[in-house]
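Visitor: There's a structure below that I have some questions on.
The values are calculated or read from the model by the stated rules, or taken from the named source; none is laboratory data. Predicted, not measured: the structure shown is a model, and the values here were computed from it. A quick note on method: Cβ atoms are made from the backbone with ideal geometry, for glycine too, and the neighbour counts reach across all protein chains shown.
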Amino acid sequence: MYVKGVGMTKYGILREATPLLAYQASLQALKDADMTMSDIDAIVCSSIEWFFSDERQRHFSSVLSSVFNTKVPIIRTPTACSSGGAAFWTAEQMGFDNVLVVGSDKLMACKTERVTEEFMMAAESKYEQNEGLNFPAQNALVAQEYMQKYPQTNMDHLAMIAHKNHQNAKVNPHARFFGKEVTLETIKSSPVVASPLRLFDCSISADGAAACVLTKDKTDIKVAASDLCSDFMGTFERTDNTSWDATTTIAKNVYAKAGITAKDVDIAELHDAFTIVELIAYEDLGFAKPGQAYKLIEDGYFTRDGKLPVNLSGGLKAKGHPVAATGLGQIYELVQQLRNQAGDRQANNPKIGLAQNIGGAGANISGTILKKVST
C-alpha cells in the first residue's frame, strides 16, 4: 500500500465536536490525495468512546457514515492510546483499493479527574486502579526500574528529551506548544509528579484529529512495513520493564519486511507519553544498545540536527496527545518530512521514517515504516 494523502487539525483546545474534527482532517487528506469520498472503498476510524460519550453516542463508525454521507464499510479500532496506529495497520491489511484512516478525540472538555480515571482503565486491571496506579505512577515505576538497572541514566537525561521535543514543537504550527519557548531549566525546575518524573516528563492532553488515505496506486510514499503486537496489560506481569517486548517484536518484524536495519532509519516519530518511554524506545528499536541511550542523548543524536531526528513534530510531549488521533498524527508528520514539506522543522532530506504508537504501558504497540520512492 501507499500513502496518497494526509490531513491534520491543530492540536489544542478546540471547539468542534469529535466527528467534525474527523471530518476536517479527512477533507484535508482527500484534498491532498486529489480524491473525493466517492473514491473511498472503506474507512477505519479510531476514537476513544469514553471521551466521545459526552455527546451521548457510542457508535462512532455510523456517526461518520452520516457525516461523510457514505455507506462504505466503516470499523473502529479501540486500542487506547495506540488506536490511531492500530487503525493504520488494520487499513493496510484489508485489501481494499482505497481506504480512509482517521482518528479523532476530545479531551479538553473533560475534567482532569475524569480523564485520569478513564486513562486508568487503559493502564491496569481493576485491582491496580483501586490503588490509584494511574499512568504517571505506572511509568514512574518503569523509570525507577530502568534507573536502578542502568544508574548512568538520570532525571537530567529525561529533561533533555523533553527539551528536544519542545524545541521541535515550537516551530510546528499544529502543535499545542507552537511558538512557546520552554527552556531546559524550566523543565528541570518543574515539580515532581511521580518520582523520578517531573511535570515536563509527561505528555500534554489535547483535542485534535488526523487522517490519511491508503491506496494500492503507486505514490511517492510507500508503506514498506506495518506491524501490531499486544502484550500483558499489567507491568507487574512482566519480568523486566526496562525493555518492552511488543516494541522489540514489531522492530524485528518491520525491519525484516522493509528490508532495512535500524541504521537505515532517517527520522522517527516515537510515542513519548512519558520521556522514559521515548528513552526505552531508542533501545528497543535498535537505535541504541541497552542501557546506553543516555550517551546518544548527551551527544544530541536525536535532535533536529542530529544523526537520527526523533519527534520533529514535538511528539506527544509538546505537540499534544489527543489519544486516538496520535498514531495518525505521527503518519502525517513522517509524510510531510519525507516530502520535504515540514517547513522550519524539516529534517535533511529523509528517505525512511518510522512511527511507533503505544497503548497502555507497552501493552499494545504498532510500528510503521514509510519510504520515499520515485514515481
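Visitor: So, of the residues in region 155-196 that are without any contact (Cβ under 8 Å) to a residue 12 or more places away in the chain and of a type in the set (S, T, N, Q), which turns out to be surrounded by the fewest Cβ atoms within 10 Å (Cβ to Cβ)?
Guide: Residue satisfying both the conditions and the ranking: Ser189.
Visitor: Examine region 292-301 for a residue that is buried (at least 24 other Cβ atoms within 10 Å of the Cβ) and assigned to a loop (DSSP other than H, G, I, E, B), and state whether such a residue exists.
Guide: So far as region 292-301 goes, no, none of its residues is buried (at least 24 other Cβ atoms within 10 Å of the Cβ) and assigned to a loop (DSSP other than H, G, I, E, B).
Visitor: Another question, if that's okay. Restricting the search to region 250-271, which residues are over 18 Å from Ala288 (Cβ atoms) and surrounded by 16 or more Cβ atoms within 10 Å (Cβ to Cβ)? Even if it seems obvious, please write down each step before you answer.
Guide: Filtering region 250-271 down to residues over 18 Å from Ala288 (Cβ atoms) leaves 253, 256-259.
Across region 250-271, the qualifying residues are Asn253, Ala258.
Visitor: For the structure I just gave you, tell me whether Asp227 is buried (at least 18 other Cβ atoms within 10 Å of the Cβ) and among the acidic types (Asp, Glu). It would help to see each step written out before you state the result.
Guide: Details: buried (at least 18 other Cβ atoms within 10 Å of the Cβ): yes; among the acidic types (Asp, Glu): yes.
For Asp227, the condition - buried (at least 18 other Cβ atoms within 10 Å of the Cβ) and among the acidic types (Asp, Glu) - is met.
Visitor: Which residue, of Gly327, Gly362, is at pLDDT below 95 and crowded, with 22+ Cβ neighbours inside 10 Å?
Guide: Numbers: Gly327 fails: at pLDDT below 95.
Being at pLDDT below 95 and crowded, with 22+ Cβ neighbours inside 10 Å holds for just one of Gly327, Gly362, which is Gly362.
Visitor: Moving on. Find the strands (runs of 3 or more DSSP E) located wholly in region 173-271 whose residues include 1 or more that are hydrophobic (A, V, I, L, M, F, W, C) and in contact with a Cys (Cβ under 8 Å, 6 or more places away or on another chain), and list them.
Guide: On the way: elements: 192-194, 208-215, 221-230, 267-269.
So the answer is 192-194.
Visitor: Given the conditions (1) touching a Lys or Arg at 6+ places or on another chain (Cβ under 9 Å); (2) within 22 Å of Gly103 (Cβ to Cβ), report the number of the one that Asp245 does not fulfil.
Guide: Status for Asp245: all satisfied but (2).
Visitor: Of the residues that make up region 91-103, is at least one closer than 18 Å to Ser203 by Cβ, in contact with a strand residue (DSSP E or B) (Cβ under 9 Å, 6 or more places away or on another chain) and modelled with pLDDT of 85 or more?
Guide: Of region 91-103, the ones closer than 18 Å to Ser203 by Cβ are 103.
Then drop every residue that is not in contact with a strand residue (DSSP E or B) (Cβ under 9 Å, 6 or more places away or on another chain), which leaves 103.
Subset that is modelled with pLDDT of 85 or more: 103.
Yes.
Visitor: What number of residues within region 92-106 satisfy the criterion of being buried (at least 24 other Cβ atoms within 10 Å of the Cβ) and either outside any loop (DSSP other than H, G, I, E, B) or of a type in the set (Val, Ile, Thr) (or both)? If you could, list the steps in order and put the result at the bottom.
Guide: First, pick out the residues of region 92-106 that are buried (at least 24 other Cβ atoms within 10 Å of the Cβ): 99-106.
After this cut, where a residue has to be either outside any loop (DSSP other than H, G, I, E, B) or of a type in the set (Val, Ile, Thr) (or both) as well, the list is 99-105.
So the count comes out to 7.
Visitor: Of all residues in region 250-294, which are of a type in the set (Val, Ile, Thr) and without any contact (Cβ under 8 Å) to a residue 60 or more places away in the chain? Give the derivation first.
Guide: Looking only at region 250-294, we keep the residues that are of a type in the set (Val, Ile, Thr), and these are 250, 254, 260-261, 265, 267, 275-277, 280.
The one that is of a type in the set (Val, Ile, Thr) and without any contact (Cβ under 8 Å) to a residue 60 or more places away in the chain: Thr261.
Visitor: Out of all the residues in region 57-64, is one or more at pLDDT below 95 and under 26 Å from Ile369 (Cβ atoms)?
Guide: Filtering region 57-64 down to residues at pLDDT below 95 leaves 57-64.
The next check asks that each one be under 26 Å from Ile369 (Cβ atoms); those that pass are none.
No, region 57-64 has no match at all.
Visitor: Among the listed residues Ala122, Ala137, identify the single one that is out of contact with any Phe, Trp or Tyr (no Cβ under 7 Å at 6 or more places or on another chain), within 30 Å of Phe68 (Cβ to Cβ) and either modelled with pLDDT under 95 or exposed (fewer than 14 other Cβ atoms within 10 Å of the Cβ) (or both). Walk me through how you get there before you give the answer.
Guide: Values: Ala137 fails: within 30 Å of Phe68 (Cβ to Cβ).
Step by step, each of Ala122, Ala137 is checked, and only Ala122 is out of contact with any Phe, Trp or Tyr (no Cβ under 7 Å at 6 or more places or on another chain), within 30 Å of Phe68 (Cβ to Cβ) and either modelled with pLDDT under 95 or exposed (fewer than 14 other Cβ atoms within 10 Å of the Cβ) (or both).
Visitor: For the structure I just gave you, tell me whether Tyr294 is under 19 Å from Phe200 (Cβ atoms) and modelled with pLDDT of 95 or more. Walk me through it before giving the result.
Guide: Details: under 19 Å from Phe200 (Cβ atoms): yes; modelled with pLDDT of 95 or more: yes.
Criteria met by Tyr294.
Visitor: Could you list all residues from region 76-90 that are hydrophobic (A, V, I, L, M, F, W, C) and modelled with pLDDT under 95?
Guide: First, the residues of region 76-90 that are hydrophobic (A, V, I, L, M, F, W, C): 80-81, 86-89.
The answer is Ala80, Cys81.
Visitor: Here's a check for you: in region 16-56, which residue that is of a type in the set (S, T, N, Q) and part of a helix (DSSP H, G or I) is modelled with the lowest pLDDT? I'd like the intermediate steps shown before the answer.
Guide: First, pick out the residues of region 16-56 that are of a type in the set (S, T, N, Q): 18, 24, 26, 28, 36, 38, 46-47, 53.
Restricting the remaining residues to those that are part of a helix (DSSP H, G or I) gives 18, 24, 26, 28, 38, 53.
Details: Thr18: 88, Gln24: 97, Ser26: 98, Gln28: 98, Ser38: 97, Ser53: 49.
By that ranking, first place goes to Ser53.
Visitor: If you take the residues in region 201-224 that are of a type in the set (Val, Ile, Thr) and under 18 Å from the mean Cα position of the chain (by Cα), which one is farthest from Ser47 (Cα to Cα)? Working first, answer last.
Guide: At the first step, the residues of region 201-224 found to be of a type in the set (Val, Ile, Thr) are 204, 213, 215, 219, 221, 223.
With under 18 Å from the mean Cα position of the chain (by Cα) added as a condition, the list becomes 204, 213, 223.
Numbers: Ile204: 18, Val213: 17, Val223: 23 Å.
Out of the qualifying residues, it is Val223.
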